[in-house]
Amino acid sequence: MMMQRFSYTQNPQFPVGMPLIDIQLSNGPKSLAVSALVDSGAALNILPFDVGIELGLVWENQTFLIDLGGVLTGAQAYAVLLQAQITNGQPTQLAFAWVSRPSSEVRLLLGQVNFFQEFDIHFYGNQQLFDIELKSH
């Protein structure tokens, strides 16, 4: 995948834009296009409860419990693996903390584990731009 440049998305609630991307998530035959915040300050990728349900995940079938911190302290979460694709790039397996909170309370986040391990990210905050490049293995 070549480097792809994205513009920050303007948000009327904030004086500056936010690094949001549209990403295609897949769980077997179920697929969903969602908006995600590229968040270098997030330790984990975060998947809101309702997005997981739309992808066919079953909360009661999950077995790998995760302890969360920060604003999600006390929220129940399970580790799940999904396929993710950015624009026309190759699908990449990403690990998410599937949290017990809906997308009305928590945004889908792409964090250090493992989005920043699979992609090189370059932020240009003063230009309101960011680049995403698949790491070469």
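Below is a table of values for the structure above.
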item: Tally of residues being over 22 Å from residue 112 (Cβ atoms), surrounded by 13 or more Cβ atoms within 10 Å (Cβ to Cβ) and small (Gly, Ala, Ser) across the stretch 30-65; result: 2
item: Residue in the stretch 14-29 that is within 17 Å of the chain's Cα centre (by Cα), exposed (fewer than 15 other Cβ atoms within 10 Å of the Cβ), modelled with pLDDT of 95 or more and not charged (D, E, K, R) present; result: no
item: Subset tally (residues that are outside any strand (DSSP E or B) and free of Cβ contacts under 8 Å to residues at least 24 places away in the same chain) for the stretch 73-83; result: 2
item: Tally, over the stretch 1-55, of residues that are charged (D, E, K, R) and over 22 Å from residue 77 (Cβ atoms); result: 2
item: Positions within the stretch 77-88 being in contact with a Phe, Trp or Tyr (Cβ under 9 Å, 6 or more places away or on another chain) and not β-branched (Val, Ile, Thr), in sequence order; result: 77, 78, 79, 81, 82, 84
item: Selected residue (only one of 72, 68, 109 is buried (at least 19 other Cβ atoms within 10 Å of the Cβ), over 21 Å from residue 28 (Cβ atoms) and modelled with pLDDT under 95); result: 72
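Okay, residues lined up against (1) more than 25 Å from residue 4 (Cβ to Cβ); (2) touching a helix residue (DSSP H, G or I) at 6+ places or on another chain (Cβ under 7 Å); (3) part of a strand (DSSP E or B):
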| site | (1), (2), (3) |
| --- | --- |
| 60 | yes, no, no |
| 68 | yes, no, no |
| 71 | yes, no, no |
| 85 | no, no, yes |
| 122 | no, no, yes |
| 126 | no, no, no |
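The values are calculated or read from the model by the stated rules, or taken from the named source; none is laboratory data. Just so you know, these numbers come straight off a predicted model, no measurement behind them. For neighbour counting, all protein chains shown are included, and Cβ atoms are generated from backbone atoms with ideal geometry for every residue, glycine included.
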